[in-house]
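Trainee: One structure coming up, written as structure tokens, with questions to follow.
The values are calculated or read from the model by the stated rules, or taken from the named source; none is laboratory data. Since the structure is predicted, the reported quantities are computational estimates derived from the model, not experimental observations. For neighbour counting, all protein chains shown are included, and Cβ atoms are generated from backbone atoms with ideal geometry for every residue, glycine included.
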């Protein structure tokens, strides 16, 4: 019983992996679609960007009036 389930599961996983990789095998120079938001063309067209890019910069903290990362005081 468990052996049949294990073999069936392994077979389904193999079919899924082959289905995902079939384009890679058949088309020269093919790439998987870009899933990172910052590098995805369609997301950029919609105006959606990566949150990491937005958060880069000065971050004042409660105990320091300027940028806590570069220690520059804002006047």
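Trainee: When you scan the range 2-18, do you find a residue that is within 22 Å of the chain's Cα centre (by Cα) and modelled with pLDDT under 80, even just one?
Mentor: No, there is no match, as no residue in the range 2-18 is within 22 Å of the chain's Cα centre (by Cα) and modelled with pLDDT under 80.
Trainee: Another question, then. Which one of these is at pLDDT below 85 and in contact with a helix residue (DSSP H, G or I) (Cβ under 6 Å, 6 or more places away or on another chain): 27, 37, 22? Reasoning before the result, please.
Mentor: Working: 27 fails: in contact with a helix residue (DSSP H, G or I) (Cβ under 6 Å, 6 or more places away or on another chain); 22 fails: in contact with a helix residue (DSSP H, G or I) (Cβ under 6 Å, 6 or more places away or on another chain).
Being at pLDDT below 85 and in contact with a helix residue (DSSP H, G or I) (Cβ under 6 Å, 6 or more places away or on another chain) holds for just one of 27, 37, 22, which is 37.
Trainee: Look through the range 45-63, keep the residues that are under 14 Å from the mean Cα position of the chain (by Cα) and assigned to a helix (DSSP H, G or I), and return whichever of them is modelled with the lowest pLDDT.
Mentor: At the first step, the residues of the range 45-63 found to be under 14 Å from the mean Cα position of the chain (by Cα) are 48-53.
Subsequent filtering for residues that are assigned to a helix (DSSP H, G or I) retains 51-53.
Working: 51: 65, 52: 59, 53: 52.
Checked the range 45-63; the qualifying residue modelled with the lowest pLDDT is 53.
Trainee: Here's another thing I want to ask about it. How many of the residues making up the range 23-33 are surrounded by 10 or more Cβ atoms within 10 Å (Cβ to Cβ) and over 22 Å from the mean Cα position of the chain (by Cα)? Reasoning before the result, please.
Mentor: Initially, the range 23-33 is screened for residues surrounded by 10 or more Cβ atoms within 10 Å (Cβ to Cβ), giving 23-24, 30.
After this cut, where a residue has to be over 22 Å from the mean Cα position of the chain (by Cα) as well, the list is none.
Residues meeting the conditions: 0.
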